Amino acid sequence: PSTASYWNALGMVLGGGGDFPGAEQAFRAAATRESRNAQYAYNLGLALERQRNRESAIAQFRRALELDPQFVPARQRLAELR
């Protein structure tokens, strides 16, 4: 599958099942295919955060805000991680 939405959906399923490394890979694939999608950057940040990769998660939440300054969930996650 080559669509970003497929990879994002797969990441949601994997993350929902507790496979955060798998979710990370899927969200990276989605974000690579649609690099201007704030939701995909945010989802990748969540998967990284669940793996205790704080700095990388922060970078992805910041990326989501660069893409969409009104993205409230990313702003909230950043505030909680600081």
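The values are calculated or read from the model by the stated rules, or taken from the named source; none is laboratory data. Note that the structure is predicted; figures quoted are calculated from it, not measured. FYI the Cβ positions are ideal-geometry reconstructions off the backbone, even for glycines, and counts take in every protein chain you see. To get the accessible areas, we keep the full protein, side chains included, count just its heavy atoms, and leave off ligands, DNA and RNA. Shrake-Rupley method; radii C 1.70, N 1.55, O 1.52, S 1.80 Å.
This table checks each residue for (1) touching a helix residue (DSSP H, G or I) at 6+ places or on another chain (Cβ under 6 Å); (2) closer than 20 Å to T3 by Cβ; (3) of a type outside the set (F, W, Y).
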site	(1), (2), (3)
E34	yes, yes, yes
N37	no, yes, yes
Y40	yes, yes, no
L46	no, no, yes
S56	yes, no, yes
Q60	yes, no, yes
Q70	no, no, yes
A74	yes, no, yes
Original post:
Just wondering, is there one or more residues in the range 34-46 that are over 12 Å from the mean Cα position of the chain (by Cα), surrounded by fewer than 15 Cβ atoms within 10 Å (Cβ to Cβ) and over 22 Å from D19 (Cβ atoms)?
Top reply: yes
Subject >> Top-ranked residue in the range 1-33 [being of a type in the set (G, A, S) and not in a helix (DSSP H, G or I); ranked as most open to solvent (accessible area, probe 1.4 Å)] >> reply: S2
Subject >> Qualifying position, being at negative phi, crowded, with 22+ Cβ neighbours inside 10 Å and assigned to a helix (DSSP H, G or I), among A74, A79 >> reply: A74
Subject >> Top-ranked residue in the range 47-71 [being among the small types (G, A, S) and either buried (at least 21 other Cβ atoms within 10 Å of the Cβ) or more than 17 Å from G11 (Cβ to Cβ) (or both); ranked as nearest to the chain's Cα centre (by Cα)] >> reply: A47
